[in-house]
Amino acid sequence: GERVAYVSDAGTPAVSDPGARLAADVRAAGLRALPLPGASSVTALLSVAGIADDAGAYVFQGFLSSKAKERDAQVATLGNEPRAVVLLEAPHRIEALATALAALGERNVTLGRELTKQFEDIATVPAQAISAWLAAESHRTQGEFAIVIHPLAQEAKQTTEGQRVLQLLLPELPTKTAVKL
C-alpha cells in the first residue's frame, strides 16, 4: 500500500539515465510504474516502459498514415527497426493501428492512454494482443495515445542486421557467396 518515488538529477528514466532498469524491475515485480506529469507524453511513457536496452535509444515516428496500405507498409518497416519506436495515435484511429501492429506478433508494445490526466492508463502487451486489450474495456478506445514498440530482442537484431548486409551483397556477388559471407 505504499508508494515509492524515484527522482533523478540525471534526467528522465529511459531517456538519459539508468532508471529504465528500475522501471523494468518494478514492472517485473507486478507493480505499477507511473510517470510524473511532464511536458511530453513521449518522455512520460518512455520513463515507465521499462526499456533498458541500448541506453534508451529510440526512434520517434509520430503518427502513421491514415491509409491502411501505407500504414501496413510503415509497420512492416518499423518491425525491422532494432530500437524502440514511439508512435502517437488519436482515439478514432487506435483500433486500425492495433490491427496493423498485430503483424509484429509477440513484440511487446507499451500503450499510454490519456497520459498525465485523471484517467491515465498504461499497459504493456504483445503487439498481437493490442486489439483484445482495447476491446476488454470500452473506455480504452477513448483519449489520446502514446505508444512504444519495444526494441527487438538481441537475437532478432542480429538477424535483422544480417538480412540488411545480405541485401547489400546480393546485387554485387553470386547468391551462394553473398549468403556464405
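The values are calculated or read from the model by the stated rules, or taken from the named source; none is laboratory data. As the structure is a computational prediction, the values presented were derived from the model and not from experiment. Quick reminder, even Gly has a Cβ in these numbers, built from the backbone with ideal geometry, and neighbours come from all protein chains shown. Keep in mind that these areas ignore ligands, DNA and RNA; they rest on the heavy atoms of the full protein, side chains included. Shrake-Rupley method; radii C 1.70, N 1.55, O 1.52, S 1.80 Å.
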_Any residue at all in region 102-110 that's in contact (Cβ under 8 Å) with a residue 40 or more places away in the chain, assigned to a loop (DSSP other than H, G, I, E, B) and among the hydroxyl-bearing types (Ser, Thr, Tyr)?_
no
_region 78-119, subset acidic (Asp, Glu) and on the phi < 0 side of the Ramachandran plot, residue surrounded by the fewest Cβ atoms within 10 Å (Cβ to Cβ)_ = GLU106
*Looking at region 145-168, which of the residues that are crowded, with 16+ Cβ neighbours inside 10 Å and farther than 22 Å from LEU34 by Cα is modelled with the lowest pLDDT?*
LYS157
*asked:* With the structure loaded, tell me whether LEU64 is within 22 Å of VAL4 (Cα to Cα), open to solvent by less than 50 Å² (accessible area, probe 1.4 Å), of a type in the set (A, V, I, L, M) and over 13 Å from the mean Cα position of the chain (by Cα) or whether it fails that test.
replied: no
*(1) part of a loop (DSSP other than H, G, I, E, B); (2) under 14 Å from the mean Cα position of the chain (by Cα): which one isn't true of GLY30, the others all being true?*
(2)
*Sort out which residues of region 125-144 are touching a Ser or Thr at 6+ places or on another chain (Cβ under 9 Å) and at pLDDT 95 or above, and write them in order of number.*
VAL125, ILE130, SER131, LEU134, ALA135
*Hey, among the residues in region 111-150 that are of a type in the set (S, T, N, Q) and not in a loop (DSSP other than H, G, I, E, B), which one's farthest from ALA52 (Cα to Cα)?*
SER138
*Just give me the residues in region 67-77 being open to solvent by 50 Å² or more (accessible area, probe 1.4 Å) and assigned to a helix (DSSP H, G or I), in sequence order.*
ALA68, LYS69, GLU70, ASP72, ALA73, GLN74, ALA76, THR77
*Kindly provide the set of residues from region 120-138 that are of a type outside the set (Gly, Ala, Ser) and either over 20 Å from ARG71 (Cβ atoms) or open to solvent by 50 Å² or more (accessible area, probe 1.4 Å) (or both), ordered by number.*
GLU120, ASP121, ILE122, THR124, GLN128, GLU137
*Name the pairs: first residue in region 66-79 and farther than 18 Å from HIS150 by Cα, second residue at pLDDT 95 or above and of a type in the set (S, T, N, Q), Cβ to Cβ under 6 Å, at least 6 apart or on different chains?*
ARG71/SER65
*If you scan region 57-110, which residues turn out to be farther than 18 Å from ALA129 by Cα and in contact with an Asp or Glu (Cβ under 7 Å, 6 or more places away or on another chain)?*
VAL59, PHE63, ARG83, ALA90
